Structure formats: structure tokens, C-alpha cells
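Here the structure comes first, spelled out in C-alpha cells, and everything after it is commentary.
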Amino acid sequence: MKAAVRKIVGYAGAVAILLAGWQVLAMIVDSPALPGPAPALQTFGNLFFAALLPEALVSAWRVVVSMALGTALAVPLGLVLGRSPRIDAVAAPLIFLTYPVPKIVFLPVLLVLFGIGSVPKIVLITLIVFFQILVTARDAARAIPPGSVLSVRSLGAGGTQVFRHVVVPAALPDVFTALRISTGTAIAVLFFSESIAGTDGIGYYIIDAWSRIAYRDMFAGIIAMAVLGVVLYELLEMAEARVCRWTRVGR
Amino acid sequence: MARVDVQALSVTYEGVDRRVDALHSLDLSIDDGEPIAIIGPSGCGKSTLLLATAGLVAPTSGSVRVGDEPVVGPRLHTALILQDFGLLPWKTVMHNAALGLEIRRVPAPERARLVTEALERVGLAEFANAYPGELSGGMRQRLAVARALALEADLLLMDEPLSALDALTREDLQGLLLDIWRQRGHTSVLVTHSIEEAVYLGRRVVVLTPRPGRVAAIVENPEMGDDDFRDTPAFYERCAELRRLLAAEGAFGEAAS
Ligand SMILES: Nc1ncnc2c1ncn2[C@@H]1O[C@H](COP(=O)(O)OP(=O)(O)OP(=O)(O)O)[C@@H](O)[C@H]1O
Ligand SMILES: [Mg+2]
């Protein structure tokens, strides 16, 4: 309870500081392209149900599906690679060659292949999240102390039980960290892909407002996108607190 | 029945850039229900001997038999307590204690009964829902003991289970281990660095040579388990004898030899 109150107070303080900074910056820049927080938030309120919420839901759906897909594919694969030197020997070079390639350059290809709807965006974000989680899950699985595995094996556990009782839980906190970091990347890629090509989503809305020189609308969109990121991040944090309860003890 | 027969056991590890002979042709027999302590210089292969007996390390040559069966993998009624306890930080006290039973597919009600009993036995019943991270070192150690107890093992292998504890907690848990052994009469193999602990908990004390480990000497210790053995002259004599044997094996480093 106390922790929840402290968190709310913390957030309120942070929001106040950000708004104040924004206000100061808007006054210094003094350009219609950077409205102050008051008019921007007012527009945000006015447009919320009519325009922002529907677009934000489309965007949220894309990000959530992509992150879920990327995680569902990457975690099992990464854990197996981390625990099996033989499979790893084959797959690791492939990963190390492809991981550093910026996947975003494939957006044009995906647009040609899948059109301008949700599919190319989901494929692209999934791909990026997949690699980030894959590398993390693999490293986490490799770093598991042999003692943990040995103790469970001494109790008679076979391969799948070692995975269930040791490998998966041991890697979970790292996977969650990677996921939270990926949120930022995922939203950035979402914005990019929606603004490059498409007819919906909050990224499209922002760029559309920009081309209409509707700076207040544009800022309302930017706020919506920021809120989307914060909500996702917080949801992950809540999920982690539930799933990885043992990491919160003794602190 | 858990008679242990180790015959000409050698274990060689293939390290990253070299091979290590951990054990070389070690022979040892332990009677059913006998408590034994093993002591020897660091790195002489004590943990390896336990792991081989638990079926987790395969002999390079020689064999280990428990009961009438050669050991080829983890055995249903062998419990192993590792040097670092082997607790899983992501499982609560209750689930850690139940882990062996869960892996052995013991039905849930039976599991709950055995775990409750074991936790009560080691005095952790009220911490059933805590995580290991919330326990003190001594409590963690007791949890490791509870997990082994819950298995109703007839062979209990312990790798320096008390070495990380302070003197008071240590004596307390030594008493607990002795009580449990007196109650259950399981075969017990305790690896320890402490001479006093070996004499307190081993009816025979096996002294190993430096690596590669072999049996250097076996000290008979028939008074083990007697009330107040720790305060008798026999106890001190036995400790002194072991200290001499260990010094002869160079267990105290260059300075002593
Ligand atoms: N998994 C392994 N791979 C390679 N070498 C190992 C491995 N485990 C142990 N060894 C080596 O085998 C030897 C015996 O190790 P072991 O752990 O059995 O010794 P120990 O008697 O238990 O030592 P300590 O008293 O310090 O716990 C050591 O020299 C160690 O370096
Ligand atoms: Mg050891």
C-alpha cells in the first residue's frame, strides 16, 4: 500500500517537472510548432475520444501483438540455445551475423510484400523484438549456476523438468528487463513504420497533423504515443512483479 | 537398503584446457544405516565422490553400487545436499522442500503432508511461504535438510552442509542432523572440513589423500552418537588423531608438513 502511494507521488512529481520544463522550453522557442502544455493538453482532451483513442488502439494492438509474438518465438529458442552447446554451435554464428543488422532497413521490402496495412509493421517489430529477447534469453540460460541444475538433477529431474524448475524461472527476470527495454525500440519502430506508409495508427495521425500544419493536433498525438509507451512499460513492470516475486524480497 | 560400495572409482574431468584426475582408484564400503564422515584436503575430490554416489558424475573407471544396484543416474531414495544448498531462489520455502517429491510425481496431498512434516521437523513451518532470499543462512540450511527429509531417503549425501554457518547455528544443526539420523537410521555420508564435525557425526571418519583422492586412513569412532560425546576425553583424542592424519596428508598446507 505504502509502495503504491509512493509510486503515485513519484509519478505526480515527475509529471509536474516535465510539464514545467515543457512550459519553459515552449516559452523560449516561441514557435507554433512547439505549443505549451496547456493548449496541447486541452487539444488532447478534446480529440481524445473522437480521434486519438481509436488510432492509439490500432497502434497498441500492433505493438502488443508484435511483442507477444517476438517473445513467444525468442524465449524458447534462446533458452534452448543457451543450454545446448551443440545447437548453439550451429545457431550462434547465424545470430551474431544477423543481430547487428538494423532490421528497420527491411521496411521497404516488407511494404512491397505485405502492403501498407498492419502486417509489415507487425513483422518488422516482431523481428526486432525477437532478436533482442533471443540474445538475452540465450545469455541468461548460459549464466545459470551449475549448482542449481545439479541440485534439481540430484532430485531426479530430467531435461524438461530442469527447464521448468530452473532454466525458465532463472531467465525470466532478464527476459523482462529485455522486454521493457524493447518497449522503447518497439514504439519508435512503430512510429516510423506508421508514418512512412499507412492510413491509420497514432504515428500516421502525428505525421498527418504535421502535414496539415495542425501543430496542436500533432502534439496531442505525440502525447498519446508517449502515454502508450508508459502504459506498456508499466504493464510489463506489473507483470514482472507478479511473475518474478522472489526478485523483490529482501530489498 | 542402502549399503554403499565404491570400487576402484576413478573420475577424470576433461577441463577446458587440461584433464584433472579428481579421484584415483578409490575403494570404500559403507554399511546400511551407517553414518560416515569424509574429510580431506581441499580439491581432493570429496564433492566428486558424492556426485558419483548420487549418480550425477559418471565414473571414468570403477563403479559405485548402492543397495544391490549399480549407480547409473539419480536414485529414487538418495538425497543430496550440496555445498551451496542447491535451493532455488524463485521457489518458496514450501515449494523448495516439495521439489524432490514434485519431480518424483508424488500426488499433491501426500506431498503436502510430507513437506509439512519435514518443515516442522526443522522448525521452518511458519516460513512456508517465504522465499530463500528472506531466510538467514542457518534457515536456508535447515530448508535444504527439510527437502532431503521430505524424500524419506535411505541414503543422505551431504557436501559441507554447515560450512557457511556461524559456530552456534552450526552446533544447533549438527544436533539436528544427529537427531534425524538417530530417528531414521538412514545411511549418511557427510563431507566436511571440520574435524570436530566429522567426529561428532561420523561413526567412521574417512581421510582422503590430496588429489587424486584415495582413502588414506579410516578412523573408527564407535562412541559417536553417545550423549554428551562432545564433552568426553575420547572426543578430543579422536580429534587429535584426525588432525595428525590430516597433517600427514598435507591438508594444512606447506607450513604444516
Ligand atoms: N566440473 C568440473 N570440471 C573440471 N574439473 C573439475 C570439475 N569439478 C571438479 N573439478 C576438479 O576436480 C578436483 C576435485 O574437485 P572436488 O570438487 O571434488 O574437490 P573437493 O574435495 O570437494 O574440494 P573442496 O574441499 O574445496 O570442496 C579439483 O581439482 C577440481 O578442480
Ligand atoms: Mg567440495
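The values are calculated or read from the model by the stated rules, or taken from the named source; none is laboratory data. Predicted, not measured: the structure shown is a model, and the values here were computed from it. Note that each Cβ is placed from the backbone with ideal geometry, even for glycine, and that neighbours are counted across all protein chains shown. For the accessible areas, the whole protein counts, side chains as well, though only heavy atoms, and no ligand, DNA or RNA atoms are used. Shrake-Rupley method; radii C 1.70, N 1.55, O 1.52, S 1.80 Å.
Kirkwood-type hydrodynamic radius, chain B: 18.8 Å, calculated from all non-identical alpha-carbon pairs.
When chain B is treated as a GNM with alpha-carbon contacts under 10 Å, the residue of B:Pro74, B:Pro233, B:Pro41 showing the greatest mean-square fluctuation is B:Pro233.
Overall size of the stretch B:85-152 from C-alpha positions, given as principal axis extents largest first: 30, 22, 18 Å.
Note on chain A: with a GNM built from Cα contacts shorter than 10 Å, the maximum mean-square fluctuation among A:Leu57, A:Leu228, A:Leu18 falls on A:Leu18.
Taking only alpha carbon atoms, the stretch A:59-152 gives an Rg to Rh ratio of 1.09, where Rh is the Kirkwood radius. For chain B, the share of DSSP beta bridges that are antiparallel, to the nearest 5, is 55%. Scaling the Cα radius of gyration of the protein assembly as shown by the globular reference 2.2 N^0.38 Å produces a ratio of 1.32. When only alpha carbons are used to place a centre, the stretch A:182-251 and the stretch B:80-151 end up 43 Å from one another. Surface listing: A:Tyr215, B:Tyr236, A:Tyr99, B:Tyr200 arranged by accessible area from highest to lowest gives B:Tyr236, A:Tyr99, A:Tyr215, B:Tyr200, probe 1.4 Å.
Estimated purely from DSSP H runs of n ≥ 4, each contributing -39500 (n - 2.57), the mean residue ellipticity at 222 nm for chain B is -11000 deg cm²/dmol once divided by its residues.
Here r is the Cβ-Cβ distance between A:Met238 and B:Glu69 and R0 is 60 Å; the resulting FRET efficiency, rounded to 0.05, is 0.75. In Å³ and rounded to a whole number, note down the convex hull volume per residue for the Cα atoms of chain A. Hull volume over Cα atoms, normalised by residue count, gives 162 Å³.
Taking every protein chain into account, the 1.4 Å probe leaves A:Phe49 with about 150 Å² of accessible area, to the nearest ten.
As a calculated quantity, the FRET efficiency between A:Leu73 and A:Ala226 at R0 = 30 Å, using C-beta atoms, amounts to about 0.60. Annotation: extensible slack from B:Ala8 through B:Val20 equals 2.6 nm (criterion: 0.36 nm per residue apart, minus Cα-Cα distance). Inter-chain Cβ neighbour count for A:166-178, averaged per residue, equals 1 (cutoff 10 Å, partner chain atoms only). Note on the stretch A:133-251: Cα Rg divided by 2.2 N^0.38 Å, N the number of residues, gives 1.53.
From the protein chains alone at 1.4 Å, what is the descending order of accessible area for B:Glu126, B:Glu171, B:Glu34, largest first?
Sorted descending by solvent-accessible area, the residues read B:Glu126, B:Glu171, B:Glu34.
Rolling a 1.4 Å probe over the protein heavy atoms of the stretch B:85-152, with every protein chain left in place, gives an accessible area that is 51 percent carbon and sulfur. Picking from A:Ile116, A:Ile202, A:Ile28, which is most flexible by a Gaussian network model of chain A using Cα springs under 10 Å? For chain A, modelled as a Gaussian network with Cα springs under 10 Å, the answer is A:Ile28.
B:His24 contributes an accessible area of around 90 Å² to the protein surface, as traced by a 1.4 Å probe with all chains present. If R0 is taken as 35 Å, the Cβ-Cβ distance between A:Leu94 and A:Thr160 corresponds to a FRET efficiency of 0.85.
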